[in-house]
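Data first, discussion second: the structure below is written as structure tokens.
The values are calculated or read from the model by the stated rules, or taken from the named source; none is laboratory data. All of these numbers come straight from a predicted model, not from anything done at the bench. Reconstructed Cβ throughout: ideal geometry from the backbone, glycine too, with neighbour counts over all protein chains shown. Only protein heavy atoms, including side chains, enter the accessible area calculation; ligands, DNA and RNA are left aside. Shrake-Rupley method; radii C 1.70, N 1.55, O 1.52, S 1.80 Å.
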Amino acid sequence: MTISAKSTCFHCGLDAPTGINLSVNIDNQQRPMCCVGCQAVAQAIVDAGRADFYQQRDTFSETGQDVVPEFVKQLYAYDHPDIQKQFVVQTGEHDKEASLILEGIVCAACIWLNEQYIAALLGVREVCINYSTHRAIVRWNDSEIKLSQILEAISHIGYKAHPYDAAQQQELFEKERKQSLRRLGLSVALGMQIMVFALALYTGDWWGIEPSIKQILHTSSLALTVPILLFCATPFWQSAWRDIKHRQLGMDVPISLGLIVSFLGSVYSVWKGQGAVYFDSISMFVTFILAVRYFELMARKKTAESTEALLNLRPNMATKITPQGEEAVPVVELKVDDKVLILVGEAVPTDGVIIEGKSRVDESLLTGESRALSKNISDVLVGGSMNLDSPLQMRVTHIGQDTILSTILNLLERAQGEKPKISQLADRIATRFVSVIVFLAIAVGLYYGIYIDGFASTNWIGIVVAVLVVTCPCALSLATPAAMTIAIGRLSQIGLLIRTKQALETLERADYFAFDKTGTLTQGQLQFECVVECQNIEKEQALAIATALEKSSEHPIAQAFLNNPDDIGELMSVAHIENQVGAGLSGEIDGQCWYLGNADYIAKQTGLVLSSKVSELLENNNLQAATIICLANMQKAYAVFILQDKIRTGAKVLIESLQSMGKQIVLLSGDHNISVQLIAKQLGIAKQQVHAELKPEDKLSYLKTLQQQGSIVAMIGDGINDAPVLAGAQVSIAMGNGTQLAATSADMVLLNSDLKQLKQGISIAQKTMRIIRQNLIWALVYNMFAVPLAVMGYVQPWLAAIGMSLSSLFVVLNALRLRRAK
């Protein structure tokens, strides 16, 4: 067919617009193109070495504008603000963050390639990928690069990415499972027949066999091996080719090389009628690898189920209250300030505040808190929790990615995707190890072919295959991510969230545990014991002034004033509020400056010395866990408020457990020395390890002193009020609730009120790092012995296949023990 190239597109035949210069060099001539799509398709054909396609075709091709943009159009939809509300988090003025599913991941090298490639895109701020769930957390600057461009760039390296959806991920898991089973089933069926032929051949070597029968068995084995390589081993070829195209050496490169060398050598032996054949080893190798990867797939699926359980808490529909009545609407259509009805037994659709009703709510799957919590008007409801007793009406406060459930899921996914130092080291070793093994296999092949048996003999093929196969570093790459993902999922079940990649690793090595008192070792739910020492002021007026000063604070002391049942009337207006963290605050009411805080704060601000009076009050009233707050102006002290707190559940068990492990315990508090010492005595903390009346900078200074002495310090405190001290520790744990998740910068957050869960979390961290070390030691020791034996010819290819598969299987099974960790 002759096609005019003067005024029509050389690719599709449509008119080429005038005034634009779109062309592709085909057969040393610049051929015009009608659009960028045709230009891209034609250039891809030329780059692939298939330019002769244009000589052999008998009709014009489909326009590139119809082929390429259809995929791009789907990606452009993800840039729409309304669609992004469901899966994109705004983290800055232009910065956004999204969770994506990656298709085509087969090994740790795929993770490394995607992380390096995506991170190199202009405008991408951060990327971390979870090997177990194949989910990627990507943060980018929307003014520099669009999400559609990131997804399109990922497709250019042979992978497919799309926004995370729980149902879609389950479909992908199921699709991958069925495909893996089909490949594994065929490989087992054909491999068993090949093994029958191999048994006959081995027996014939001992007892004798007719050459014609031997040739028939070899040819039959060859015929059965072909579908194994063409269908069952397809994932290995695809992954290896993708790695080679991008100049990387992933785990499937030595596997593919081993299969190619053994197959070609066996074909040569069959053709020559002499020499060793390895069809049985090929079938066994493919079968074992597929079996291990299927097992790994199911382990990843089970690991992901803990996250999916949280996702399943979120209902699809909600009952919206409108002026016309009640209306069932999709949860995604809810807006802030909408009113929602939650019936008994229904899940709370999103975050909100109760405006009518009283009930108990189950938050166990969210926080690990086993007890149902009583909720009343003005209390916060967390999306995904279950209403147990009575109908509730709620005003929506947060939707989509701003909800507590979404925040928890994002933290979980980020923690599972981030890699601690030991994992990064293992990945670097594995990547270099593949290169070393490939070059070692080439060197071994040349050595045996030139100096030992000669290339005419096929003995060198078996040795090369054994070297490539037995040392595949799958176990080394799986050693850390498998254990870390399972551990983080297990910790989330007990209400302990990981925020940073080094948290588990550092927690396991911590030898000093520093605790705050209020809100950490105690419940932080302060209640008025009494109001004393009122001078020239009524009790109600003193309470009114103190409550007005505290109304903008989130500290437990502020909540005690705000929740005080006494009637103090309408809150006073306060101007020029100044808060000194850990000490007190001041503000101007009706032109008078008032100060509210501990005795040291009052003394510093006003010059009034009250410490002896406070000590006398504590001793005379026999108050064990009291907090003393003073109200004064520049002239005199007007009132002293005594607040009581209770020791938190599990605090004593945790302290005793840490002491039995040989850990050092220190209590750092800003409260009065007598009340802090009394709490410490009840918990069994040594007197010399108790430090009271400390400002935040004093606590931080104490931590730095410990660190300078070589100690690794874990700080447990309030997520917001102890922020500077938490940031100064090597690992920090915040006692918080869901509403504080976004505010705290701690490495870990304990969502429930039971400190025994923290004891369990420390135990899981220790077991996790122990299992990671076991996996790495196993992988290194195995390769240390396997490589020399394979090089010396003592390892047959079939034995190499078994060894490599069992090595990877051991790592996965060892990591799965964490699912039962306590």
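Could you pull out every residue, at least 5 positions away or on a different chain, whose amide H is within less than 5 Å of the one on ASP379? Hs are placed 1.01 Å off N in the peptide plane, and Pro or chain starts have none.
ILE354
With a cut-off of 8 Å between alpha carbons and a minimum separation of six or more residues, what is the relative contact order of region 70-164 in percent? If you can, show how the numbers build up before the last one.
Numbers: 144 pairs, mean separation 33.7, N = 95.
It comes to 35 percent, rounded to a whole number.
At what distance in angstrom do the alpha carbon centres of region 93-152 and region 687-706 lie from each other?
Cα centres, region 93-152 to region 687-706: 42 Å.
Could you order MET715, MET792 by accessible surface area, starting with the largest, using a probe radius of 1.4 Å?
Working: MET715 0, MET792 105 Å².
Output order, biggest surface exposure first: MET792, MET715.
Amide H of GLN796: which non-local residues (sequence gap of 5 or more, or other chain) have their own amide H closer than 5 Å, using H built in the peptide plane?
For GLN796, whose amide H was placed from the backbone, there are no distant partners under 5 Å.
By per-residue mean of other Cβ atoms within 10 Å, what is the highest-first order of 282-294, 392-404, 688-700?
Details: 282-294: 23.5, 392-404: 20.6, 688-700: 17.4.
Result, highest mean Cβ count within 10 Å first: 282-294, 392-404, 688-700.
Show me 264-277, 643-656 ranked by packing, highest mean number of other Cβ atoms within 10 Å first.
On the way: 264-277: 16.4, 643-656: 19.1.
Result, highest mean Cβ count within 10 Å first: 643-656, 264-277.
Which of the peptides 489-496, 174-181, 338-345, 236-243 is most tightly packed, and how do the rest follow, judged by the mean count of other Cβ atoms within 10 Å per residue?
In descending order of packing, they fall as 489-496, 236-243, 338-345, 174-181.
How large is ³J(HN,Hα), in whole Hz, for each residue of region 140-152 in order, when computed from phi with the Karplus curve 6.51 cos²θ - 1.76 cosθ + 1.60 and θ = phi - 60°, using x for Gly and Pro?
Per-residue couplings from phi come out as 9, 8, 5, 7, 9, 8, 8, 4, 4, 5, 5, 5, 5 Hz.
Could you give me the ³J(HN,Hα) list for region 763-777, computed from phi with Karplus coefficients 6.51, -1.76, 1.60 and θ = phi - 60°, whole Hz, x at Gly and Pro?
5, 5, 4, 5, 5, 4, 5, 5, 5, 4, 5, 4, 5, 5, 4
Take the alpha carbon gyration tensor of region 317-408, find the square roots of its eigenvalues, order them as a ≥ b ≥ c, and report rounded if a/c is under 1.5; if not, report prolate when a/b exceeds b/c, else oblate. Provide the component values of the computation, followed by the final result.
Details: a/c = 1.81, a/b = 1.25, b/c = 1.45.
Note, shape of region 317-408 comes out oblate.
I need the phi-derived Karplus couplings for region 221-226: 6.51 cos²θ - 1.76 cosθ + 1.60, θ = phi - 60°, integer Hz, Gly and Pro marked x.
Working through the residues one at a time gives 4, 4, 4, 6, 6, 4 Hz.
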